[in-house]
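The values are calculated or read from the model by the stated rules, or taken from the named source; none is laboratory data. Please read these numbers as outputs of a predicted model, since none were measured by experiment. Virtual Cβ from ideal backbone geometry, glycine too; neighbours counted across all protein chains shown. Protein only, heavy atoms only, side chains kept; ligands, DNA and RNA dropped before computing areas. Shrake-Rupley method; radii C 1.70, N 1.55, O 1.52, S 1.80 Å.
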Amino acid sequence: CIAVNLSAHTFQQRNITGIITTILKETRLDPQFLGLEITEGIAMQDIETTIHKLKEMSDLNIQIAIDDFGTGFSSLSYLKKFPVNKLKISPHFVNGIVDNQKDKIIVSSIVALAQGLHFRVIAEGVENKEQLAILRQLHCDELQGNLFCRPLSAEVIEKMLWYDKICI
């Protein structure tokens, strides 16, 4: 899956779904392997438009995630209206789960909420084995962070995707 963070400017474009459809055709990427991520703040700017756009994207079989979940001022009631597949827990909370009981309780609650709503839950910013152990114990579905891989340049990623001159 290739995950792309959408900025507020990009998400607000009138024909964003058409643009994405064109890119999918040009790249021949199966939509199920595209993940689009928007922050809570972007999602909450114009609720009805957000729901409409996310529904169009979801209808294309694109995976949709709410990024940095827990740091915005969204209403939980909108989670049942947004056609999303994933919630990504902000590194702000993940960073403190080893030493701060409140952060651990918040992360645990987000995991339970996401799984109860049949969303996958992703913890961002996993930096050490202690965090990893706690997140595994909480049954977090996916983990991201420097513990697994440092950020890579586009050139390095491109080389990783090419094998014997055949893109895989």
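Points worth noting:
For every residue, the table says whether it meets (1) touching a strand residue (DSSP E or B) at 6+ places or on another chain (Cβ under 6 Å); (2) at pLDDT 95 or above; (3) open to solvent by 30 Å² or more (accessible area, probe 1.4 Å); (4) part of a loop (DSSP other than H, G, I, E, B).
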site	(1), (2), (3), (4)
ASP68	yes, no, yes, no
VAL98	no, yes, yes, yes
LYS104	no, yes, yes, no
SER108	no, yes, yes, no
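- Residues that are of a type in the set (Gly, Ala, Ser) and within 22 Å of VAL111 (Cβ to Cβ), drawn from region 42-85: ALA43, ALA65, GLY70, GLY72, SER74, SER75, SER77
- Number of residues in region 122-143 that are open to solvent by 60 Å² or more (accessible area, probe 1.4 Å) and polar (S, T, N, Q): the value is 1.
- For beta carbons closer than 7 Å, sequence separation of 6+ or different chains, a first residue in region 23-50 that is closer than 13 Å to ALA8 by Cα and touching a residue at least 40 places away in the same chain (Cβ under 8 Å) and a second that is open to solvent by less than 80 Å² (accessible area, probe 1.4 Å) and in a strand (DSSP E or B), the qualifying pairs are GLU37/ALA3; GLU37/VAL4; GLU37/ALA65; GLU37/ASP67; GLU37/LYS88.
- Qualifying residue in region 144-154 (condition: in a helix (DSSP H, G or I), without any contact (Cβ under 8 Å) to a residue 40 or more places away in the chain and surrounded by 11 or more Cβ atoms within 10 Å (Cβ to Cβ)): no
- Annotation note: of GLY72, GLY35, GLY18, the sole residue that is assigned to a loop (DSSP other than H, G, I, E, B) and either open to solvent by less than 40 Å² (accessible area, probe 1.4 Å) or basic (Lys, Arg) (or both) is GLY72.
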